[in-house]
1. Only one of (1) without any contact (Cβ under 8 Å) to a residue 60 or more places away in the chain; (2) surrounded by 14 or more Cβ atoms within 10 Å (Cβ to Cβ); (3) under 26 Å from the mean Cα position of the chain (by Cα) fails for residue 400. Which number is that?
2. Considering the range 356-393 alone, what residues qualify as being hydroxyl-bearing (Ser, Thr, Tyr), in contact with a helix residue (DSSP H, G or I) (Cβ under 8 Å, 6 or more places away or on another chain) and open to solvent by 50 Å² or more (accessible area, probe 1.4 Å)?
3. I need the full set of residues from the range 403-417 which are open to solvent by less than 30 Å² (accessible area, probe 1.4 Å) and either at positive phi or part of a helix (DSSP H, G or I) (or both), in order please.
4. Tell me whether the range 366-387 contains one or more residues that are closer than 21 Å to residue 489 by Cα, among the β-branched types (Val, Ile, Thr) and without any contact (Cβ under 8 Å) to a residue 40 or more places away in the chain.
5. When only residues in the range 22-40 that are open to solvent by 50 Å² or more (accessible area, probe 1.4 Å) and touching a residue at least 24 places away in the same chain (Cβ under 8 Å) count, which is farthest from residue 230 (Cα to Cα)?
6. Which pairs have Cβ atoms under 8 Å, sit 6 or more apart or on different chains, and link a residue in the range 42-68 that is within 14 Å of residue 7 (Cα to Cα) and touching a residue at least 24 places away in the same chain (Cβ under 8 Å) to one that is open to solvent by less than 50 Å² (accessible area, probe 1.4 Å) and acidic (Asp, Glu)?
7. Out of the residues in the range 54-88 meeting the condition of being closer than 27 Å to residue 125 by Cβ and in contact with a Phe, Trp or Tyr (Cβ under 9 Å, 6 or more places away or on another chain), tell me which one is most open to solvent (accessible area, probe 1.4 Å).
Amino acid sequence: MITVTNVGLRFADRKLFEDVNIKFTPGNCYGLIGANGAGKSTFLKILSGEIEAQKGDVHIPPGHRMAVLKQDHFEYEEFEVLNVVMMGHERLYEIMHEKDQIYAKPDFSEEDGIKAAELEGEFAELNGWEAESNAAILLKGLGIEEALHTKKMADLPGADKVKILLAQALFGNPDILLLDEPTNHLDLKATHWLEEFLINFENTVIVVSHDRHFLNKVCTHIADLDFNKIQIYVGNYDFWYESSQLAQRMAQDANKKKEEKIKELQGFIARFSANASKSKQATSRKKLLDKISLDDIRPSSRRYPFVGFSPEREIGNDLLRVEGLTKTINGEKVLDNVSFIMNKDDKIALVGRNEIAKTTLFKILMGEMEPDAGSYKWGITTSQAYFPKDNSKYFEGCDLNLVDWLRQFSPEDDSDTFLRGFLGRMLFSGEEVLKKASVLSGGEKVRCMLSKMMLSNANVLLMDEPTNHLDLESITALNNGMIKFKGSMVFASHDHQFVQTIANRIIEVTDKGIMDKQMTYDEYLENKDVQKQLQSMYN
């Protein structure tokens, strides 16, 4: 358990927290959410003791061990992988090191023998004899093969280092687990393994993540950082989102009868009550949900951008024909005889392990790269809008302010008022529209690129990882905008919920061609015949 009492923190003249009073109890997983810059990561650092609050205190019961996901991927470069994981239990690792030093002494004394016996006893109490095997199980679950366990961290790629630091945090059954963006750089298999691990974890978890599917799977509660305070909601992220939207609508429409809103709340409480991520807690959570009233739910202060794509021209039946596309980059064949026909109303998700392959296909279809073999042809009724994974060429060295930057992509000579209004809906308000395009953050650049696409009024969208750099609010807005889009699209994303709620067709790009299925993402992942065929294509 963690008890937070009257915690407050201010940076310069900006207040992050004020009089935060909450308890995090064992057996629960809390998703800490809040707008970008609200202080989520800072709050985790206060809980871990890395930062001291200016007022109030954080109490952890004596003897409780806390584990934190480290963010410095280069901290352990000279250590072997297995040892880095076991360092997650600091006391256990100290004992192992101290034992080795004593037994290595050439003049082993009686005093050394007594000390060694004491250490052996504590070592056994901490389950030390199974430490290496437990560390290896964690590594294997996250996709780090046994051959890498004795390698030095410096010899591994960055994505593997992320997994190893995650295994370090999970090691040794900590009483309290703090995870800041644990799914970053994890592949689908590793993410699923982590979800199952946390669902079955019996102690306290507090996690920050932009992955809504992950939050929905693992969270029993949402800790909402808003108005400089933190309020706990029972349920997962979707429940929090729907309840906060309901409160917002009620606040905006005072003429509606409260009874109608109560019925609406009761309706989705019933729906979410059956969606517990931990079955043993389903009954108790339902009781808690049943006690929620409208007065318990506050409208959120968060701002959601408006994302809406409106095709200027209705699309015909002849969209896109791809025949035998093949491409080799730096000696590696990334596309091998890729062929498919895109149909009207298709919302195609490109998936697969090779990121370069998917990006290469997007670039070829947009004429930015030539294939080694094969061809493609767009239908005469189509117009395309493209979101590249790397948008740097649109912003680097650009001295234009945002109004003039967006004007470049306006099909008509739109007025400053129109462009300012457009940017305002994408959360660039007031003097923000006069910022230079070259100084934007990653999320701001994405919102500008989406504005560019919306102005095009295209009827086919091509989007390569559009959720990168976005906060939860912007991801939700983009997700809803793409669901409502009346045209066709091809997109790639690592956001599970994004793909599941948008795509009606999945194309997986492999080293030996593609797997093409007309189904949802979850159906694709659960189809055993598909997975067997994919296994043979990858091996």
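1. Every condition holds for residue 400 apart from (3).
2. Passing the criteria: only 376.
3. Matches in the range 403-417: 403, 405, 406.
4. Scanning the range 366-387, I find no residue that is closer than 21 Å to residue 489 by Cα, among the β-branched types (Val, Ile, Thr) and without any contact (Cβ under 8 Å) to a residue 40 or more places away in the chain, so the answer is no.
5. Across the range 22-40, the extreme among qualifying residues is 26.
6. Matching pairs, first to second residue: 44/180.
7. Residue satisfying both the conditions and the ranking: 70.
Yes or no, residue by residue, for (1) in a strand (DSSP E or B); (2) open to solvent by less than 90 Å² (accessible area, probe 1.4 Å); (3) out of contact with any Gly (no Cβ under 6 Å at 6 or more places or on another chain); (4) at pLDDT 65 or above:
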{"residue": "245", "(1), (2), (3), (4)": "no, yes, yes, yes"}
{"residue": "282", "(1), (2), (3), (4)": "no, yes, yes, no"}
{"residue": "301", "(1), (2), (3), (4)": "no, yes, yes, yes"}
{"residue": "304", "(1), (2), (3), (4)": "no, yes, yes, yes"}
{"residue": "335", "(1), (2), (3), (4)": "yes, yes, yes, yes"}
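The values are calculated or read from the model by the stated rules, or taken from the named source; none is laboratory data. On a predicted model such as this, the values are computed, not experimentally measured, just so you know. Here the Cβ is made from the backbone with ideal geometry for all residues, glycine too, and neighbour counts use every protein chain on show. Ligands, DNA and RNA are stripped out before the accessible areas are found, and what is left, the full protein with its side chains, is counted by its heavy atoms. Shrake-Rupley method; radii C 1.70, N 1.55, O 1.52, S 1.80 Å.
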